[in-house]
Amino acid sequence: MSLQSFLDVGLSLLLLGSVAIGPINAQVINAAECGATAPGAAFVVTATANPSASCPNGSGVVSSSEGACYTTSNGRCITDGPDTYRNNERCTISILYSTRLIANQVVVQSGNNDFFLVSGSATRLDTMNELNNLSLPAYSTLSWRTDGNNRRPGWSLCAAADRQCSPRRPNAMFEVTRAEGQSCVGGGGPTTAIEGSCFTTAGGQCFTGGSSADERCTIQALHDTRLVVHNLSLVVGGTFSISGSTVTDDSLQEIDSHLIPAGANVSWASDDTNNQPPWVICAAPACALQSPDAYFNVDDAAPTHRCFGGGGPTTALLGTCFTTLNGACFTNTPIPNTQSCSIHIRRNTTLRLAGSSAPMGSIFTLNGVDTPLFNMNGVAVEEGQTLMWSKTQPSTSSAANFLICATTESPTHGPTAVPTPSPSAVPTTVHLSASPTSAPSTLPAAWPTAAPSGVPSARPTATPSATPTATPVVPTVATTAAPTATPTAAPTLVPTTHDPTAGPTAPTPTVAPIAATTTQSANAPTNALDTSAVGGRRRGGSLDRNCKYSRCRSCT
C-alpha cells in the first residue's frame, strides 16, 4: 500500500453486513489553516464529514469548528468533541508512528452501529476494552463512523507515553520523524533498526533503510544540505520523494547530490517485494573555503556535486565541474555522461581557453546567449554573473573535457611582495645591476652585483658575488712606530713599543709648562725642567726621581 493511500481523504466503500460506509465528501481546508505538524504528534485527522473538512497535510483538523473529529494536546490525542456526537459522522485519522491507544472515554451506541475500523479492516471496535492498549503501527489509519440515530457522549483517545528515543545530537543533519515499526517517540527519532525500519546513523549525519518490504519512512532535513548516496549502484524496490514530489523510482542516481533546504521531508516507500540491501544517504561534507583571490566558484554541478557551501567542488571526486589553481580556472570531470554546471564569476576578467578535448554538444550560456566551447576564448565576464555549461550529448570519449582560466595581469619586472594567486603566462625576468655600488648600501640589494666591489662592504652581502674578490683585505697587527708626544685623552688600542712615560699622567690634563725666567741663559733649552717648581733636587747632574715631590724626606 502506498503512502498516499494512508493519507487519502476518503474511506473505501465497505460492505459490513447490512451497514455500508460511503466515501467522505469533504471540503479541503485552506492550506494556510492546516498549520505544521507539532513535534511528537501521534495523530493527524486528514478528513471528516458532518461537518466536512479536509487537511491532508500538516497538522490536519485541530478544532471542532473544522470537523467532526480533531486532534488535541499537540496531536497526542484525538476526540469527537465534548458534546454528543452527530449522526452520520465520518473521520479518517492517520497514525504517524507506532503507538498504543489509551482510551480515556468510549461511550458509543452498542450493536456495532457506531464504531472504529483499523486500516480498512472488517473488525468493528466500539468498546473501551477493545480500544484501550490497542497497538497501531506507523502509517496505519483509524476510521470512525456513526449511523443516523441514537447519539452518545462519544470518545477520547490518546497515544501512550512509551519509551523516548535518544536525544537529538547537537550537529545532526537529519531526523527520522516517522518509520514503519517505530518503537520510540520524541528525541532525535529512531537511531537503530530496533526502533524503526528507517533510522539515523553517524550522529544524525546519515539515514538508512530499504531492507524490507512495505517500509514507510519520513526523514526531515534539519539544515540546508546536499544528499550523498553511499551505494549508488544499488537498485532499490521503492520510491523517494522530497516535499511531496517524486524524485526517483527504483534508482538512487536521481537523489544523489540533490540540494534540499532545512525543514524539507524526504519520504521513502518500499514496494511489497523489496528484498534489497539497505541504502545509506548522508549529508555532503563542507566544501573547501573560497580563496579570497578566486575568479570562479562552482555553484551547482550535475550529476555529481558531493560537497556543500564554501568555494564549491575543487576535485573531480567532489563534482562534475570543479575549480583549480585556487579558483583561477575551472574544468569538468571527463566522463561520458550528460553533464551540467553553473559557474559563479567572482571577479572581472577575460576567459582564456587553456585546453579542450572537444566535448560533444558542449554549450556555454551567459546572459541568455548560447556560445560553443571554442568561441569562449576572449569572452569578457563580470563579477556577479553566472556562466552555465551543459553537455547534452553523451561523449564517445570518457576523456572529453575542457579547461578555462581567467586572464591575469602581465608579469611584473621583479618579484612582488605577495605571491600572485596563479602563475603568470610568462616568467618574471631577473635583473642584475650593471655595476657594484661605490659604497655599501644600508640594506643588501635585492639582486647580487655583476662583479665584486673594490672595497669590502661593512656587512656581508645577502647573496655571494659572482666571482671572488681579487685581493682580500687583512687587518694590520703591528704596533705604531712611536708613542705620541703627549698623552691622549683615552688609552690607545694597541700598546706602544717604547718605554713608558716618565711618570703617570695626572687625572686631569697637565697645565702648560712654566716659561723660562729672564735671567736664564739664552743657550738653555726652553723646555728645561725647573727643579724648584716640583721640589726636587739633582744628584750627580740628574733628577732624582725619588725627590720629585717636596714631601720626600730623603731629599732634604
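The values are calculated or read from the model by the stated rules, or taken from the named source; none is laboratory data. From a predicted model like this one, the values you see are computed outputs, not experimental measurements. Please note: Cβ atoms are built from the backbone with ideal geometry, for glycine as well, and neighbour counts cover all protein chains shown. Ligands, DNA and RNA are stripped out before the accessible areas are found, and what is left, the full protein with its side chains, is counted by its heavy atoms. Shrake-Rupley method; radii C 1.70, N 1.55, O 1.52, S 1.80 Å.
Brief remarks follow.
- Residue match in segment 278-296 (condition: farther than 20 Å from L232 by Cβ, in contact (Cβ under 8 Å) with a residue 40 or more places away in the chain, in a strand (DSSP E or B) and under 18 Å from the mean Cα position of the chain (by Cα)): yes
- No other residue among S233, S241 is under 26 Å from D272 (Cα atoms) and in a loop (DSSP other than H, G, I, E, B) apart from S233.
- Pick from segment 246-277, criterion outside any loop (DSSP other than H, G, I, E, B) and at pLDDT 85 or above, ranking: farthest from G181 (Cα to Cα): L259
- Residue match in segment 352-368 (condition: within 14 Å of Y295 (Cα to Cα), surrounded by 13 or more Cβ atoms within 10 Å (Cβ to Cβ), of a type in the set (S, T, Y) and modelled with pLDDT of 85 or more): no
- Here the condition is being in contact with a Lys or Arg (Cβ under 6 Å, 6 or more places away or on another chain) and more than 21 Å from N74 (Cβ to Cβ); of N150, N133, it holds for N133 alone.
- Output for segment 261-281, where each listed residue is surrounded by fewer than 20 Cβ atoms within 10 Å (Cβ to Cβ) and under 27 Å from T314 (Cβ atoms): P261, A262, A264, V280
- Considering segment 233-258, and only residues there that are among the hydrophobic types (A, V, I, L, M, F, W, C) and surrounded by 15 or more Cβ atoms within 10 Å (Cβ to Cβ), the residue that is farthest from C307 (Cα to Cα) turns out to be V236.
- Test for G203: is it farther than 17 Å from I260 by Cβ, of a type outside the set (F, W, Y) and surrounded by 22 or more Cβ atoms within 10 Å (Cβ to Cβ): no
This table checks each residue for (1) under 23 Å from D299 (Cα atoms); (2) at pLDDT 90 or above.
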{"position": "G378", "(1), (2)": "yes, yes"}
{"position": "V381", "(1), (2)": "yes, yes"}
{"position": "K391", "(1), (2)": "yes, no"}
{"position": "C405", "(1), (2)": "yes, yes"}
{"position": "S410", "(1), (2)": "no, no"}
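- Qualifying position, being on the phi > 0 side of the Ramachandran plot and more than 43 Å from the chain's Cα centre (by Cα), among S135, S143, S119: S119
- Note on segment 288-319: residues that are open to solvent by less than 10 Å² (accessible area, probe 1.4 Å), closer than 20 Å to G384 by Cα and at pLDDT below 90 total 2.
- Leading residue by the ranking (most open to solvent (accessible area, probe 1.4 Å)) among those in segment 133-160 that are part of a loop (DSSP other than H, G, I, E, B) and either farther than 26 Å from D214 by Cα or acidic (D, E) (or both): R151
- Residues of segment 206-232 classified as in contact with an Asp or Glu (Cβ under 7 Å, 6 or more places away or on another chain), over 25 Å from I95 (Cβ atoms) and open to solvent by 20 Å² or more (accessible area, probe 1.4 Å), total: 1
- Restricting attention to segment 25-46, the residues being modelled with pLDDT under 70 and surrounded by fewer than 24 Cβ atoms within 10 Å (Cβ to Cβ) number 10.
- Filter result for I102 (in a strand (DSSP E or B), modelled with pLDDT of 85 or more and open to solvent by less than 40 Å² (accessible area, probe 1.4 Å)): no
- Within segment 99-116, the only residue that satisfies the criterion of being over 23 Å from R216 (Cβ atoms) and under 48 Å from the mean Cα position of the chain (by Cα) is I102.
- Of the residues contained in segment 161-180, none is found to be over 20 Å from G40 (Cβ atoms), under 31 Å from the mean Cα position of the chain (by Cα) and not in a loop (DSSP other than H, G, I, E, B).
- Criterion (in contact with a helix residue (DSSP H, G or I) (Cβ under 6 Å, 6 or more places away or on another chain) and without any contact (Cβ under 8 Å) to a residue 60 or more places away in the chain) met by exactly one of A193, A172, A161: A172
- Being without any contact (Cβ under 8 Å) to a residue 12 or more places away in the chain, out of contact with any Lys or Arg (no Cβ under 8 Å at 6 or more places or on another chain) and β-branched (V, I, T) is a description that does not apply to T239.
- Answer residue from segment 47-73, given it is of a type outside the set (S, T, N, Q) and modelled with pLDDT of 75 or more and is surrounded by the fewest Cβ atoms within 10 Å (Cβ to Cβ) among those: V62
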